[in-house]
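Below: one structure, written as structure tokens.
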Amino acid sequence: MAVWNFIKRHKVGIICITILIIVIIAALLLVRSMFLSGTEGTLYGNRLDGIEEVLLDTNTLNSIVDEIKKSENVKSASHRLEGKLLNISIDVVNGTTVDVAKSLAAPILSTLSDAEKGFYDIQVIIRSTEEEATENVEANEDGVGQTTIYPIMGYKHRSTADFVW
């Protein structure tokens, strides 16, 4: 009985406190949805839709790397696939010219199917592991020496046919 008497005497205060608690809970839910939206789903959202149809398997990626490693100018090569971006890293030996280094990316396009080339972006990073090889001098068309600084990068967007260096 004493509880009912307390509620009757403080009816306005209890209603105000209840409304205040409801407003605070609604504000917390709103702030949570604003700052934490998208963390429940996948990392890439819907950008990877359709990847199941053109999924690159490890054998294909390893065959690309093995083909690149066949060159006498390559010390090592590796691949990393992140979503729709295929990264190929190539370490070349000292004295490798830019033209030869760029030609090392050819096995990538010849190994992948047209569907794979049309779905994935491909990035090639060519670098020299030796300190003194960071600058190589090569002759251009005019026979004038030209400095090549490693690393060099090539990028192929899924909508283009070849690499841009």
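Each value in this text was obtained by applying a stated rule to the coordinates, not by laboratory testing. Quick caveat: nothing in here was measured; it's all calculated off a predicted structure. Cβ coordinates were reconstructed from backbone atoms using ideal geometry, including for glycine residues, and neighbour counts include every protein chain displayed.
Kindly give Rg over Rh for segment 14-129, based on alpha-carbon atoms, with the Kirkwood expression for the hydrodynamic radius. So for segment 14-129, dividing Rg by the Kirkwood Rh gives 1.36. Straight-line cross-link reach from Lys75 at under 30 Å between alpha-carbon atoms covers these lysines, not counting any fewer than eight positions away in the same chain: Lys84, Lys102, Lys117, Lys156.
Placing pseudo-labels 7 Å out from each Cα toward the beta carbon at Ile14 and Ser63 gives an inter-label distance of 7.6 nm. Full extension of the segment from Ala26 to Val54, taken as 0.36 nm per residue of separation minus the current Cα-Cα distance, would add 5.7 nm. The slack in the chain from Ser159 to Ala106, taken as 0.36 nm per residue of separation less the alpha-carbon distance, amounts to 17.3 nm.
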